[in-house]
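In what follows, a single structure is set out as structure tokens and then discussed.
The values are calculated or read from the model by the stated rules, or taken from the named source; none is laboratory data. Note that the structure is a prediction, hence the values are computed from the model and not measured.
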Amino acid sequence: MRVDRGSILLIVYSAFSAGTISGLWASVSGADLAIMSGVVVLFLALAMGSWFLPGEAFD
């Protein structure tokens, strides 16, 4: 399990670093960043809800 987490961390770090070096963050507006953050939070809530709610049904 540690290898999987380490690999994912390395991939995310590499992608973030490449975006920083290429100047990606200068071309992303604050509104776009807020929208992307909202979408990520929505997906996280849906994923957590899909695990939590079925468990509550069987209690």
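Taking segment 29-59, which residues are of a type outside the set (Gly, Ala, Ser) and at pLDDT below 90?
Within segment 29-59, 48, 51, 52, 53, 54, 56, 58, 59 meet the criteria.
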Within segment 21-49, tally of residues that are more than 17 Å from the chain's Cα centre (by Cα), among the hydroxyl-bearing types (Ser, Thr, Tyr) and part of a helix (DSSP H, G or I) | 1
